[in-house]
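Chemist: Sharing a structure with you now.
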Amino acid sequence: MTFRATVLTLYPEMFPGPLGASLAGKALEEGIWALDAVNIRDFATDKHRSVDDTPAGGGAGMVLRPDVLAGALDGVADGRPMLALTPRGAPLTQERVRELAAGEGMILLCGRFEGFDERIFEARPIEPVSIGDYVLSGGELGAMVVLDACVRLLPGVMGAASSGEEESFDESLLEYPHYTRPVTWEGRTIPEVLRSGDHAKIAAWRHERAVDDTRLRRPDLIERHGGASQAPPSGAQRDSEEKNK
Ligand code: SAH
């Protein structure tokens, strides 16, 4: 079953853009997923083809008109989840990405200017999604982020079938750190345990590092992970973090 993405945007020429390269691009070519970029302006109804108007109540910028947005959404709606990119949305999580990737695809609505007339969220079942606590100039890069995160999880996209199985944000932890050859580089040697061949010890070390690094860098995640949230970071981890500064 092909995973179908439809992007509603004022800049359809931005797609597939970076999604046409590497893993996602190859999967697109192979038909594992399909991408359709639709111009919101095609649903404008007046002779000037306007899609936006000044904000009610005053203020800077322009707001995307709900009638035009509804026309675009209704033109492609077919039961797939509808997401709108907005900094006012709930931050995207790996958990939501996994759910979306398990479905048949999605419709993504990209904002520009000051964003969307709020009534579109009341009138249509749209999930407002943010890609982080900062403001972009448009939703297109956000849509690409959502799609990239989903597409890499589709069956047949990642080389090793297992490489999506144990990753950052599973169990609300960051992933453990990775190392590869050379064994010694600029005087730094790969941790002994990783060269020991003792798989139980390696697994224990990796889990410990995942917890330590998460506690240090993402205390917000560790709270969700639970349990280990009280103790301060271990001395070893603090030292290596210092050294890397
Ligand atoms: N005035 C709005 C920001 C508008 S930015 C506000 O303060 O909330 C213009 C468009 O860029 C938005 O409509 C949205 O589609 C996109 N955008 C900006 N930041 C985003 C973010 N963090 N996540 C997802 N989309 C974002």
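The values are calculated or read from the model by the stated rules, or taken from the named source; none is laboratory data. Here the structure is a predicted model, which means the values were calculated and not measured. Ideal geometry is used to build each Cβ from the backbone, glycine not excepted, and the neighbour counts take in all protein chains shown. Note: accessible area is taken over every heavy atom of the protein model, side chains too, but ligands, DNA and RNA are not part of it. Shrake-Rupley method; radii C 1.70, N 1.55, O 1.52, S 1.80 Å.
Chemist: In the list GLY103, GLY132, GLY164, GLY159, which residue meets the criterion of being of a type in the set (Gly, Ala, Ser) and within 16 Å of the ligand (Cβ to nearest atom)?
Modeler: Sole residue among the options that is of a type in the set (Gly, Ala, Ser) and within 16 Å of the ligand (Cβ to nearest atom): GLY132.
Chemist: Still on this structure, I have one more. Using the structure shown, decide if ALA143 is within 29 Å of ASP220 (Cα to Cα), open to solvent by less than 30 Å² (accessible area, probe 1.4 Å), near the ligand (Cβ under 9 Å from one of its atoms) and assigned to a helix (DSSP H, G or I).
Modeler: yes
Conditions (1) surrounded by 20 or more Cβ atoms within 10 Å (Cβ to Cβ); (2) outside any loop (DSSP other than H, G, I, E, B); (3) assigned by TED's automatic domain parsing to the domain that holds TRP33; (4) charged (D, E, K, R), marked per residue:
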site	(1), (2), (3), (4)
GLY61	no, no, yes, no
LEU69	yes, yes, yes, no
GLY75	no, yes, yes, no
LEU83	yes, yes, yes, no
ALA90	no, yes, yes, no
LEU100	yes, yes, yes, no
MET106	yes, yes, yes, no
PRO128	no, yes, yes, no
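Chemist: A further question on this structure: Among (1) in contact (Cβ under 8 Å) with a residue 40 or more places away in the chain; (2) part of a helix (DSSP H, G or I); (3) not aromatic (Phe, Trp, Tyr), where does PRO155 come up short?
Modeler: Among (1) in contact (Cβ under 8 Å) with a residue 40 or more places away in the chain; (2) part of a helix (DSSP H, G or I); (3) not aromatic (Phe, Trp, Tyr), the lone unmet condition for PRO155 is (2).
Chemist: Every residue in segment 55-86 that is farther than 17 Å from LEU147 by Cα and within 10 Å of the ligand (Cβ to nearest atom), please. Outline the logic, then answer.
Modeler: Narrowing segment 55-86 to residues farther than 17 Å from LEU147 by Cα: 55-79.
Within segment 55-86, PRO55, GLY59, ALA60, GLY61, VAL63, LEU64 meet the criteria.
Chemist: Suppose we filter GLU175, GLU167, GLU171 for residues that are modelled with pLDDT under 95 and part of a loop (DSSP other than H, G, I, E, B); which single one remains?
Modeler: GLU167
Chemist: Tell me the residue from ARG188, ARG119 that is open to solvent by 100 Å² or more (accessible area, probe 1.4 Å), modelled with pLDDT of 95 or more and touching a helix residue (DSSP H, G or I) at 6+ places or on another chain (Cβ under 7 Å), please.
Modeler: Details: ARG188 fails: touching a helix residue (DSSP H, G or I) at 6+ places or on another chain (Cβ under 7 Å).
Just a single option satisfies the conditions, and that option is ARG119.
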